[in-house]
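So the structure is just underneath, and the comments pick up after that.
The values are calculated or read from the model by the stated rules, or taken from the named source; none is laboratory data. Source: prediction; values computed, not measured. As a convention, Cβ positions derive from the backbone with ideal geometry for all residues, glycine included, and neighbour counts pool all protein chains shown. These accessible areas exclude ligands, DNA and RNA; they are computed on the full protein's heavy atoms, side chains included. Shrake-Rupley method; radii C 1.70, N 1.55, O 1.52, S 1.80 Å.
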Protein chains: 2
Amino acid sequence: MAKGHLNFYCWMKTKNTYQKLFSPQSIAIVGASNKKGKIGTIIAENISKLGYKGKTYLINPAYKFLGFKRCYPSLSAVKKEIDVAIICVPAKFVLGVVKEGMQNVKNFVIISAGFSEIGAEGAKREQELIALAKKNNLNILGPNCLGFINPIVNLNASFAAGMPKAGNVAFVSQSGALIVGLLDKAKEEHMGFSNVISIGNQMQVDEADILEYLAEDKETKVIGMYLEGIKDGSRFLKVAKKVSQKKPIVILKAGKTEQAQKAISSHTGALAGSDEIVDVAFKSAGIIRADNLDDFFALLGLISFTDAPKNGQMAVITNAGGAGVLATDAFKNKEIALMEFSQKAKENFAKQLPSESSVHNPIDLLGDAGADRYQNILEMLKKENPGSTICILTPQQQTPVEEIAKIITSVKEKNKMSLAAVFIGGERIKNGVLHLKQNNIPNFSNPESCVRALDQYYRWSIFANEKTDEQKYAANADCKKIVSNIIKNAREQKRGALSFSEAANVMLEYGIDSGSFWIVSADGEKPEIKEFPVVAKIDSDKVLHKSDKQGVILNIKNSGELEEALKALGQNFPGEKVLVQPMQQKQVEIILGIKKDDIFGPVIVYGLGGIYTEIFHMADFLLPPMSEAEIKKQVLSGKIRFLFQGARGQKAYDAEEFSKIIKGIMDFALENSDIDGFDINPLFIYNDGRKASAVDIKIII
Amino acid sequence: MAKGHLNFYCWMKTKNTYQKLFSPQSIAIVGASNKKGKIGTIIAENISKLGYKGKTYLINPAYKFLGFKRCYPSLSAVKKEIDVAIICVPAKFVLGVVKEGMQNVKNFVIISAGFSEIGAEGAKREQELIALAKKNNLNILGPNCLGFINPIVNLNASFAAGMPKAGNVAFVSQSGALIVGLLDKAKEEHMGFSNVISIGNQMQVDEADILEYLAEDKETKVIGMYLEGIKDGSRFLKVAKKVSQKKPIVILKAGKTEQAQKAISSHTGALAGSDEIVDVAFKSAGIIRADNLDDFFALLGLISFTDAPKNGQMAVITNAGGAGVLATDAFKNKEIALMEFSQKAKENFAKQLPSESSVHNPIDLLGDAGADRYQNILEMLKKENPGSTICILTPQQQTPVEEIAKIITSVKEKNKMSLAAVFIGGERIKNGVLHLKQNNIPNFSNPESCVRALDQYYRWSIFANEKTDEQKYAANADCKKIVSNIIKNAREQKRGALSFSEAANVMLEYGIDSGSFWIVSADGEKPEIKEFPVVAKIDSDKVLHKSDKQGVILNIKNSGELEEALKALGQNFPGEKVLVQPMQQKQVEIILGIKKDDIFGPVIVYGLGGIYTEIFHMADFLLPPMSEAEIKKQVLSGKIRFLFQGARGQKAYDAEEFSKIIKGIMDFALENSDIDGFDINPLFIYNDGRKASAVDIKIII
């Protein structure tokens, strides 16, 4: 709950002050210089020479003037409120600068390197700055960043060169070098930006803060992020989920492999998490994940230039049959599909096209198609109401490429279509493609990239249109108390894990049943058991792999055999308690666990148990908190859905019951975030009315 | 065997005559014209105006002269041998032209459309031409194609515009329109071609013929093909496998989806096969499969420009940490890997670089790196002997892009490195990238594409260096006779399938055992069975799903029970035979079958049986013929390898025995290509010394 408040506070803060940080009316450059090649010189020039109309203050005690402009010895010497200060002095002086300036400046951008990325000394500097910022309500971007650019107000407060075109793409990056490369490429693509923000070490202002700001920024239509690590995974997801409802977030997340994770920690000091969990997490927040730099760029271009597909049914027209075939291939395993045209439409197409044309989707206009065929078919497509239309072209000898580009542009504008182009070629298509881009039509170099990007855009639009209820987790105080007492008690006894009976009691609090069982000691009283066969196991946290150590005796058929069994166990494990359970008939074995992810915290893992888990990798991940309904939806679309769908004439297993169990484990995970390990292996589930039963439970404390 | 001879003949033919077809010293254009926009005009101009030095003859009875050049009424009127004739007259006249010309012309290229792609009438035209070609030993490329271009001799015998740069890439395409687009793009990429061939309907000269020709063509280093269908799958694979040992074949194969297959059949009339089998087939022949147009292009560029990685250990240097992280990610699930540098090397790198640099792979030269850092590190890398080196660059303000490009070029040439570049940007990198391409250094727009392409190139080099013995299938005449008698007999009885006992006898011929069994009739003599329990099943091809129809009685424990069972079966299925088998204890169930692929013929499918097959898709495909050793290798690397590796402490199942069984089925499939269906389901296999047993066998005839 405390966390919830904090988020609300951040949200408010965003609206009030990030506007001043990223779209300031006055700006100071601390460490401004005129020495060639110095960062302070480059940034001062970028701010003063690229059209920024706000007030600019140069700060450097070494100068009275820099060029014809007055230079102040310190921030406070300006004696006016300044919206943001850009700090370019060496790391060791930064704290002093902020301390001195915070009377009249609340927003800082620390360009300087020499912080947590260099190790302990730098990390200490960050700690001091964080404390200062917290106490004095400051916003600090960086350190170790490139700065930011706001092309809408012609402000380049970074040491990247030039001023990108103004537009609707916000680009946020943890790598400064990639910003430079992508801005250079963006120029070619006629892509325009609302914001370009280098977040560096994310010491204080982090990706989630910036997402919140950009969600409210009217100039921004799409947010693109290059991330290596994520600072606070669960807050990030919460914010991203909210923002995704308003505008698409496209993320290129690096650090997929163990090796890449090594490269990152030497790079920005961020911790990268397991990539599969990142996938699940992003999907749950409606984030579009880009596969690589080119896809990232293509997605931003597509979303910047055109509307999301209105529905999942796409139309494709082409002057090259082969390219049409490649486009058709590209729809394999996609959410979007090639639409089936109405009979009427096909007849109308046929009237406008030579007899050898194909009037099925993709419509083949043939190699000698001029602009008229593109125009006629595009106009007629309106009635068919495709979600989006893809226009493919290869430059045949007789193809009037520019004319076709112009026709596509005008029909798109007239009919307000969601449209993308795939012009394939080089020199011969250059002018046509230029015309497309200047008129907000995205062009792809191959049909597959186009279909893939449209599919991702469409999936986002589905997410944005679905009402998702925010999952609030309400702790059950009673339950929490009982469970924490059990755990506390075991910890006090210096035990590393709960015994089965303790674990079973904990699980009962979360609605998960282990069936009936008895705890006895070898030399103590015998339970009165009426239903045989039973199994007897040592119930000790010291004996975790019971079967390996002969701590389990199966198939005990009567009380005589039980007595024998208890005696044997008592000899092998003197002083330990014994757990007696009815032998449960195995139907389907499930494994359930909690994995602690470095970024996103506890993650619920569930899948087929037995040999299946390891060999078939039939496991899925879920991120708490989720509602039971949401869990059920995931279970029914996950890897073991076949169990709950009644595959192969089998009666379906109970998805509702299973979702309740997962919900219980989620609650347990959230309320007991300090436990070291958890799994239920196996959980038996049945499709004949019997209740699911957690046959073995391990809770490592 | 007959087939083998045919291939040998084709191989000879290639050497003798395709040279004249694709690199002619004299050429005739039938249907040459001077009317604007006519194909005959465009081709005549392309041949005469782009620098071709051979003899050119214009053929058109309507003219005596075209421009200043003599025009002949017919091919024969030239009265000289002509290496190749390009035919551009309407389809209905083509047969006449070939008939008339074949006295002095043996090679024809039919540009004209109006053949099998338009249906029955056109298909008939092809039949007539094929017959003529066969009788008179002609080579005919097309019909319905763009023609071909041989930039080495400046010959553009197509209606695509211009003359591509001469080089070492041979590009073969089933789509003319894609040729046009890709050649236009190739110009930008400075890619040079040895041959550009449009194969159209592949009426006679097909992809395999052309592969054979290009394998021998000294100008060609890499063969790129865009294919929609494949004419003769098994011949194609055989040829491709041989060619892949000499030079890489890169194929963009369209027609992955059902829908795409529809688009193709309306496009060139070719049949597309199941995509998963195409993957397996290509892999078996060492073919590099491109995912999409961009990858296709990137692969051709890489192979055209640089040598294959010398080993699987790659080095990466970068001036952008983020791009290095993305490169590291890209090595996930690849055959190539980031190499570990020696301690000595790392120390040497450190001496040359600022202290904040990373000397681990990828080596981070930092954003302010000049050409010297690239040069020093590249020179020092020589000693580490990386398989290939990837040079990444983003254009920071201070980055001397062109100078770095020049340094990379010179070090690469000096040290004869396999090297690729990833310069990320737009305008700022343009000149640098131009310099790279002009000097045969491939540049990729993102690290992932680069690593992926290098990985594919490396896998090809492994294939090319492995000695693969050609698989010759030697039929066993005795066995074939016995089996064909059994099948013939069943067919004569108008039965749709073999009975179990027949099928079991067939399988025995191929070394596959069904264990002991007895065939009895309900009212006939009873077998003397000593080992119980047994199972009794109706043995009739009319009752294929026995268990569904109560045709199976399990767990018969003694002769009394057997008598009962036989009586019951006799009542339910009067007159049918009954199969009695010992009850076999199930350990692992395997399913084996033969799938008939439209392109590649019989394909062996094997996988886990039971519910596993459908739910887990644990099935693999193998294309006969293969040696037992090759089969074993595949089994040990396929989806059910875990069985034969002894996973989870289990004793391994017998891979040798299993491979022999697959080999038997392969032989059966090749010798009995006319059967309609085959499966063994289940085959029981054991890891305790018991022999594998085909519990049920279906052979549909």
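General remarks:
- Three-way shape call for the protein assembly as shown based on the alpha-carbon gyration tensor, with the a/c threshold at 1.5: oblate
- Cβ-vector label at 7 Å, residue A:332, separations to other copies in nm: 2.2
- Residue-wise HN-Hα couplings along the stretch B:77-86, as the Karplus relation 6.51 cos²θ - 1.76 cosθ + 1.60 with θ = phi - 60° gives them from phi, are 5, 5, 6, 9, 5, 10, 5, 8, 10, 9 Hz; Gly and Pro carry x.
- For the pair residue A:598 and residue B:19, label points projected 7 Å from Cα toward Cβ lie 6.2 nm apart.
- Other residues with beta-carbon under 15 Å from the beta-carbon of residue A:91 carry, at +1 per Lys or Arg and -1 per Asp or Glu, a net charge of -1.
- Shortest-first nm distances, residue B:136 label point to equivalent points in other copies (7 Å, Cα→Cβ): 9.6
- Local electrostatic count, residue B:365, Cβ distance below 12 Å [Lys/Arg +1, Asp/Glu -1]: -3
- Charge dipole (debye, nearest 20) of the protein assembly as shown; +1 at Cβ of Lys and Arg, -1 at Cβ of Asp and Glu: 4560
- Distance between the modelled labels on residue A:99 and residue A:521, one decimal in nanometres: 6.4 nm (7 Å Cα→Cβ projection).
- Buried area at the A-B interface (accessible, heavy atoms, 1.4 Å probe, summed, Å²): 5500
- Remark on residue A:360: its backbone amide H falls under 5 Å from none of the residues 5 or more positions apart or on other chains, H modelled at 1.01 Å from N.
- The magnitude of the dipole of the stretch A:385-491, with charges of +1 and -1 set on the Cβ of Lys/Arg and Asp/Glu and taken from the Cα centre, is near 540 debye.
- Antiparallel bridges, percent of DSSP beta bridges restricted to chain A (to nearest 5): 45
- Here residue B:568 and residue B:477 are evaluated by their C-beta separation; at R0 = 56 Å the FRET efficiency comes out at 0.80.
- Label-point separation, residue B:81 to residue B:633 (7 Å along Cα→Cβ), nm: 4.4
- A simple rule links phi to the HN-Hα coupling: the Karplus curve 6.51 cos²θ - 1.76 cosθ + 1.60 with θ = phi - 60°, which for the stretch A:20-32 gives 5, 5, 9, 9, x, 9, 9, 8, 10, 10, 8, x, 4 Hz, with x for Gly and Pro.
- Inter-centroid distance (Cα atoms) of the stretch B:13-73 relative to the stretch B:410-451, Å: 40
- Table column - 3J(HN,Hα) (Hz), the stretch A:557-564, Karplus curve with 6.51, -1.76, 1.60, x for Gly and Pro: 8, 7, 5, x, 4, 4, 4, 4
- Multiplying the residue separation of residue B:340 and residue B:645 by 0.36 nm and removing their Cα-Cα distance gives an extension gain of 106.9 nm.
- Mean sequence separation of contacting Cα pairs (under 8 Å, at least six apart), scaled by the length of chain B, corresponds to a relative contact order of 8 percent.
- Residue among B:635, B:652, B:588 farthest towards the positive dipole end of the stretch B:588-700, charges placed on Cβ: B:652
- Calculated FRET value between residue B:279 and residue B:462, using beta carbons and R₀ = 22 Å, to 0.05: 0.80
- Note on residue B:697: accessible area approximately 10 square angstrom, rounded to 10, probe 1.4 Å, nucleic acids and ligands left out.
- When you filter the chymotrypsin sites (Phe, Trp or Tyr not before Pro) in the stretch A:59-154 for DSSP loop state and at most 10 other Cβ atoms inside 10 Å of their Cβ, you are left with A:68.
- Restricting attention to the stretch A:406-488, the count of lysine pairs at 8 or more positions apart or across chains with alpha carbons under 22 Å apart stands at 11.
- Theoretical gain in end-to-end length, residue A:49 to residue A:372 [0.36 nm per residue, Cα-Cα removed]: 111.5 nm
- If both residues of a DSSP beta bridge must be in the protein assembly as shown, then about 45% of such bridges are antiparallel.
- Proximity of backbone amide H atoms, modeled 1.01 Å from N, is registered between residue A:72 and A:58, A:59, A:60 at under 5 Å, excluding neighbours fewer than 5 places apart on the same chain.
- Cβ-Cβ FRET estimate between residue B:585 and residue B:505, R0 fixed at 30 Å, reported to 0.05: 0.80
- Solvent-accessible area, 1.4 Å probe, carbon plus sulfur percent, for the protein assembly as shown: 50
- Chain B Cβ-axis minimum, rotational copy A, residue and distance in Å: B:616, 3
- Charge tally in the Cβ shell below 9 Å around residue B:294, where Lys, Arg are +1 and Asp, Glu are -1, residue B:294 excluded: -4
- Counting from the shortest, the label point at residue A:310, 7 Å from Cα toward Cβ, is 6.0 nm from the same position in each remaining copy.
- Alpha-carbon centroid distance for the pair the stretch A:298-316 / the stretch B:316-365, whole angstrom: 38
- Built amide H within the under 5 Å cut-off of residue A:422, gap 5+: A:391, A:392, A:393, A:444
- Accessible area per residue in Å² at 1.4 Å probe, computed on chain A: 42
- Placing +1 on the Cβ of every Lys and Arg and -1 on the Cβ of every Asp and Glu, with no other charges, gives chain A a dipole of roughly 2740 debye about its Cα centre.
- Segment residue A:131-residue A:493, extension gain: residue separation times 0.36 nm, minus the distance between their alpha carbons: 126.5 nm
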